[in-house]
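Trainee: What follows is a structure written as structure tokens; I'll ask about it next.
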Amino acid sequence: MRKCALLVWSLFVVSACGEDEPVKVEADQVDQLEEADQLEEADQLEQADQSGLLITVDFGGPEQVELSALPTVSIGEQQVVSVESIVLAAFPDAQLSALALDFEAEDGFSPGQSPNCVDTVPVSGSVASQGGLHPETGDLVWDATLGFPGCMKLRTTRKIIVTQP
């Protein structure tokens, strides 16, 4: 087995592997490689910024849905992606009226953990069109006519759990 070593000096890099001859790499080539790495990192960050928030929908198995790929609707004064369209994007054959929904924030918090929401969650899938997630933050909002308590306005929602009641 050959052991390799990489030595970096201020003017050049010498790479030696076993008994082979050392290979010299000029300092400007090292700079070019570093610049290429920095450009690649910047491209990856830009792509991450352009891609939308991913929400996991779990209905007997997880599916991820990119919110920016779905249309927005108005709920109150906010533009959101409806819970209905998120669930159906993940599971097109789901019959929402026969299902129940729960939600989980980025930090693992679920509305059912709040004493004020114990009797509210899971919510009936029949109201899925009246709730939505902000496409950039994942904040959960509901139509005010539902009268849901404040704990149902979950911040940084990252998961929708779909069950059969």
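Trainee: For Ala98 and Ser74, calculate 0.36 nm times their separation in residues minus their Cα-Cα distance, and state this gained length in nm to one decimal.
Mentor: Answer, rounded to one decimal: 6.2 nm.
Trainee: Additional query: Evaluate the distance, in nm, between pseudo-label points positioned 7 Å from the Cα of Asp119 and of Asp58 along their respective Cα→Cβ axes.
Mentor: 2.7
Trainee: Under 4 °C and 1.567 mPa s, how fast does the stretch 67-154 diffuse according to Stokes-Einstein, given a Kirkwood radius computed over C-alpha pairs? Answer in µm²/s, whole number.
Mentor: Estimated diffusion coefficient is 98 µm²/s.
Trainee: Using alpha-carbon positions, what is the distance between the centroids of the stretch 88-121 and the stretch 134-160, in Å?
Mentor: Measuring centre to centre over Cα atoms gives 10 Å.
Trainee: Could I ask something else about it? Between the DSSP loop rule and a limit of at most 14 other Cβ atoms within 10 Å, which trypsin sites (Lys or Arg not before Pro) in the stretch 110-165 are left?
Mentor: On the way: sites: Lys153, Arg155, Arg158, Lys159; in loops: Lys153, Arg155.
Here the trypsin sites (Lys or Arg not before Pro) that fit, given the DSSP loop and packing criteria, are Lys153, Arg155.
Every read-out reported here was derived from the displayed coordinates using simple, explicitly stated rules and does not represent laboratory data. The shown structure was predicted, so the numbers you read here are calculated from the model rather than taken from an experiment. A quick note on method: Cβ atoms are made from the backbone with ideal geometry, for glycine too, and the neighbour counts reach across all protein chains shown.
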